[in-house]
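Participant: The structure's right below; bear with me while I get my questions together.
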Amino acid sequence: GDSVTQMEGPVTLSEEAFLTINCTYTATGYPSLFWYVQYPGEGLQLLLKATKADDKGSNKGFEATYRKETTSFHLEKGSVQVSDSAVYFCALLPMKTSYDKVIFGPGTSLSVIP
Amino acid sequence: NAGVMQNPRHLVRRRGQEARLRCSPMKGHSHVYWYRQLPEEGLKFMVYLQKENIIDESGMPKERFSAEFPKEGPSILRIQQVVRGDSAAYFCASSPGSDNYGYTFGSGTRLTVV
């Protein structure tokens, strides 16, 4: 079945470091892909999305490109801040579904230290 | 435009009691999804509902768990005779339909069974 795999955390970076969180997926056809962020004690917020191959989603300095050939959707940010400390979830929505049943990866915890 | 509202934010129950978790979707959203997040794990789909209908409950435990989304009022996730293993964060999400835009999440209810 459809699934999402993420790099294991926790990830600890110094402020202004470059961030990459790897995400790969298994799905039929062309799913929609998402990154969600969960700050401590909060729910999930949609960070960015891409709905077709080669699309680049971006928001708040974060970017991810939908790579069909490698079935990947890696999250990147050029310079992280302490306020980016959170758990990041990669997710997919299978194509041709009659409703939005989003499948989540296990999440990657990021800690940014000053 | 209020987001997805979940209450209570925190709920403590003794073993054997009942837990009722409420979710009011965003205005204009008629699709509700419940997910469970166990400690150190990702989100697992539980159930998808539309008004007065359960569409997909493939992620719901077979016993003690039930969900409803009445014509009037919030969606309710009900857990009867709670056990310690039910301790988790329960998130509700809503969407306007199958439009590949993903979900809007509530802040969750953190259930602790003592």
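Participant: From A:Ser79, A:Ser111, A:Ser72, A:Ser83, which residue is farther than 25 Å from B:Asn7 by Cα, of a type in the set (S, T, N, Q) and either touching a Gly at 6+ places or on another chain (Cβ under 6 Å) or without any contact (Cβ under 8 Å) to a residue 40 or more places away in the chain (or both)?
Facilitator: A:Ser83
Participant: Could you tell me whether any residue of region A:71-85 is in a strand (DSSP E or B), surrounded by fewer than 16 Cβ atoms within 10 Å (Cβ to Cβ) and among the polar types (S, T, N, Q)?
Facilitator: Among the residues of region A:71-85, not one is in a strand (DSSP E or B), surrounded by fewer than 16 Cβ atoms within 10 Å (Cβ to Cβ) and among the polar types (S, T, N, Q), which makes the answer no.
Participant: May I ask you to verify whether B:Asp86 is surrounded by fewer than 18 Cβ atoms within 10 Å (Cβ to Cβ), at pLDDT 90 or above and closer than 30 Å to A:Thr5 by Cα?
Facilitator: no
Participant: Looking only at region A:50-86, count every residue that is under 10 Å from the mean Cα position of the chain (by Cα) and among the aliphatic types (A, V, I, L, M) and tell me the total.
Facilitator: So the count comes out to 2.
Participant: Can I ask one more? Name the single residue, out of those in region B:1-21 being of a type outside the set (Asp, Glu), farther than 30 Å from A:Leu110 by Cα and within 16 Å of the chain's Cα centre (by Cα), that is surrounded by the fewest Cβ atoms within 10 Å (Cβ to Cβ). Reasoning before the result, please.
Facilitator: So in region B:1-21, the residues of a type outside the set (Asp, Glu) come out as B:1-17, B:19-21.
Okay, now just the ones that are also farther than 30 Å from A:Leu110 by Cα, so B:1, B:13-17, B:19-20.
Those left that are additionally within 16 Å of the chain's Cα centre (by Cα): B:19-20.
Working: B:Ala19: 22, B:Arg20: 14.
Filtering region B:1-21 for residues that are of a type outside the set (Asp, Glu), farther than 30 Å from A:Leu110 by Cα and within 16 Å of the chain's Cα centre (by Cα), the one surrounded by the fewest Cβ atoms within 10 Å (Cβ to Cβ) comes out as B:Arg20.
Participant: Mind checking which residues of region A:85-105 are more than 12 Å from A:Val11 (Cα to Cα) and touching a Leu at 6+ places or on another chain (Cβ under 9 Å)?
Facilitator: Selection gives A:Phe89, A:Cys90, A:Ala91, A:Leu92, A:Leu93, A:Asp100, A:Lys101, A:Val102, A:Ile103, A:Phe104, A:Gly105.
Participant: When you go through (1) within 13 Å of chain B (Cβ to nearest Cβ); (2) modelled with pLDDT of 95 or more; (3) crowded, with 20+ Cβ neighbours inside 10 Å one by one for A:Asn59, which number turns out not to apply?
Facilitator: Status for A:Asn59: all satisfied but (3).
Participant: Of the conditions (1) crowded, with 20+ Cβ neighbours inside 10 Å; (2) assigned to a loop (DSSP other than H, G, I, E, B); (3) within 14 Å of another protein chain (Cβ to nearest Cβ), A:Glu42 satisfies every one except a single condition; which number is it?
Facilitator: (1)
The values are calculated or read from the model by the stated rules, or taken from the named source; none is laboratory data. The structure displayed is predicted, hence computed values, not measured ones. Ideal geometry is used to build each Cβ from the backbone, glycine not excepted, and the neighbour counts take in all protein chains shown.
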